[in-house]
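A.B. asks: Structure incoming, see below.
The values are calculated or read from the model by the stated rules, or taken from the named source; none is laboratory data. On a predicted model such as this, the values are computed, not experimentally measured, just so you know. Here Cβ is always computed from backbone atoms with ideal geometry, including for glycine, and neighbour counts include all displayed protein chains. What goes into the accessible areas is simple: the full protein's heavy atoms, side chains included, and nothing from ligands, DNA or RNA. Shrake-Rupley method; radii C 1.70, N 1.55, O 1.52, S 1.80 Å.
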Amino acid sequence: MYKLQFNPNEKTPKYKQIVQSIVVDIERGVLKKNEQLPSISELSEEYYLARDTVEKAYRELKERGFITSVQGKGFYVNGAETNKMRILLVFNKLSSYKKLIYYAFLKVLGNKASVDLQIHHYDARIFAEIIDKNLGKYNYYVIMPHFFPESEKMLALKTIEKIPSEELVLLDKDLPEYTKLCLSVYQDFEKDIFDALDDAQDLLSKYNRMVLVFPSDGNYPSEIVRGFRQFCVNHKKDFVIKENAFDESLHAGTAYLVVEETDLAELVKKTRQSNFILGQDIGIISFNETTLKELLEITVITTDFETMGRTAAALLLDKKQIKVKNPFYTIRRSSL
């Protein structure tokens with residue numbers, strides 16, 4: 001017999017829970033067109049519900065066109081209002097870069113899917129609430145698994161493991177601790193940073209000291225630090241990691257790798273107020289491209305956010321369960 005997504009302890013009225021469960025399962029394709037539903041008596045007995053409750057739910061479903069009744073035979077699925085897939089996106093935050101992923105993702109899906117977006121704000125408890133409330137209601141769950149510190153990551157992993165692997169898409173960040181096969185389009189932060197700096201070594205060779213401006217409270221992947229440190233060790237450069245650029249005294253022969261735009265602005269301002277020449281005495285590399293950085297001629301290392309969104313959507317439509325590393329590249333400009 002058909003199994004309802006039903007919780008008698010929820011505040012949502014019981015008849016509404018019946019309606020929601022059947023509508024979601026019709027839209028997900030769990031209930032097929034012309035499939036017979038349990039009778040009013042069967043649902044009443046199975047879930048200890050009053051007949052009036054089930055009758056009210058079936059009446060609403062009929063009025064909305066989701067089901068039909070045949071005299072003497074019972075209730076049947078009439079079909080969904082749409083054949084679209086249902087997709088839940090759960091991002092860590094909604095920045096300008098995440099919007100690029102979001103809109104590229106939607107563009108590829110077109111009218112084949114309806115997409116809902118929620119934000120977990122790096123909080124594993126918020127993430128758990130989002131997933132627990134929505135399990136079984138979507139065809140796919142597209143997750144950005146950015147969580148800090150380690151205790152948050154473990155709680156998030158337990159939550160992710162509740163999602164059927166064939167319905168899971170991991171986006172932006174790899175999750176090596178998750179061992180099941182699923183679709184993943186990710187950045188390899190440690191390798192990407194190392195490779196990008198290594199690719200720019202011809203420009204970095206004139207700098208003997210490097211500074212990574214990396215706020216510890218900014219929820220940035222620690223792999224960035226490891227990639228930066230490995231590059232400096234391999235190329236025998238003095239290096240330091242700083243929280244911000246506001247107390248930094250400029251010294252000729254220093255190249256800065258900057259994560260946040262406030263620190264970028266501070267370094268540009270300090271360079272302009274000094275006798276140093278940007279791109280000769282002082283070097284600056286910033287994360288992620290913007291129009292302003294292009295106008296200021298700032299060298300950038302960045303992943304291709306639009307490609308990430310397009311790739312995830314295309315592979316999802318093809319029902320692939322593979323891991324794909326997203327492109328990462330350097331845009332060379334006069335600041336280096």
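A.B. asks: Condition (residue is open to solvent by less than 20 Å² (accessible area, probe 1.4 Å), under 23 Å from Val258 (Cα atoms) and not basic (Lys, Arg)) applied to region 168-182: is it met by at least one residue?
C.D. replies: yes
A.B. asks: Residue check, Leu109 against (1) open to solvent by less than 40 Å² (accessible area, probe 1.4 Å); (2) under 19 Å from Leu175 (Cβ atoms); (3) touching a strand residue (DSSP E or B) at 6+ places or on another chain (Cβ under 8 Å), all met but one. Which one?
C.D. replies: With respect to (1) open to solvent by less than 40 Å² (accessible area, probe 1.4 Å); (2) under 19 Å from Leu175 (Cβ atoms); (3) touching a strand residue (DSSP E or B) at 6+ places or on another chain (Cβ under 8 Å), Leu109 is out only on (2).
A.B. asks: Going by the structure shown, is Lys242 in contact (Cβ under 8 Å) with a residue 60 or more places away in the chain, of a type in the set (Lys, Arg) and either within 18 Å of Ser334 (Cβ to Cβ) or open to solvent by less than 80 Å² (accessible area, probe 1.4 Å) (or both)?
C.D. replies: no
A.B. asks: Are any of the residues in region 297-315 open to solvent by 40 Å² or more (accessible area, probe 1.4 Å), in contact with a helix residue (DSSP H, G or I) (Cβ under 9 Å, 6 or more places away or on another chain) and more than 30 Å from Gly110 (Cα to Cα)?
C.D. replies: Looking through region 297-315, none of the residues is open to solvent by 40 Å² or more (accessible area, probe 1.4 Å), in contact with a helix residue (DSSP H, G or I) (Cβ under 9 Å, 6 or more places away or on another chain) and more than 30 Å from Gly110 (Cα to Cα).
A.B. asks: Right, here's the next one. In the list Thr53, Thr12, which residue meets the criterion of being without any contact (Cβ under 8 Å) to a residue 12 or more places away in the chain and either open to solvent by less than 20 Å² (accessible area, probe 1.4 Å) or not charged (D, E, K, R) (or both)?
C.D. replies: Answer to the check: Thr12.
A.B. asks: Which of the strands (runs of 3 or more DSSP E) found entirely inside region 86-181 contain at least 1 residues meeting this: more than 16 Å from the chain's Cα centre (by Cα)?
C.D. replies: Counting at least 1 such residues, we get 113-119.
A.B. asks: Would you confirm whether or not region 64-83 contains a residue that is under 28 Å from Pro13 (Cα atoms) and assigned to a helix (DSSP H, G or I)?
C.D. replies: No, the conditions are met nowhere in region 64-83.
A.B. asks: Now for a separate question. For a quick check of your reading: which strands (runs of 3 or more DSSP E) sit entirely within region 281-336 and have at least 2 residues that are within 29 Å of Cys182 (Cα to Cα)?
C.D. replies: The strands (runs of 3 or more DSSP E) meeting that bar are 299-303, 323-325, 328-331.
A.B. asks: Using beta carbons and a limit of 6 Å, which pairs, at least six apart or on different chains, have the first residue in region 254-268 and closer than 13 Å to Leu336 by Cα and the second one surrounded by fewer than 19 Cβ atoms within 10 Å (Cβ to Cβ)?
C.D. replies: Pairs that qualify, where the first residue is closer than 13 Å to Leu336 by Cα and the partner is surrounded by fewer than 19 Cβ atoms within 10 Å (Cβ to Cβ), are Thr254/Arg209.
A.B. asks: Now a separate question. Which ones in region 200-213 are open to solvent by 70 Å² or more (accessible area, probe 1.4 Å) and either under 16 Å from Ile224 (Cβ atoms) or more than 35 Å from the chain's Cα centre (by Cα) (or both)?
C.D. replies: Result: Ser205, Lys206, Asn208.
A.B. asks: Now a separate question. Taking the condition of being in a helix (DSSP H, G or I), of a type outside the set (Gly, Ala, Ser) and within 26 Å of Asp217 (Cβ to Cβ), how many residues in region 234-278 meet it?
C.D. replies: 10
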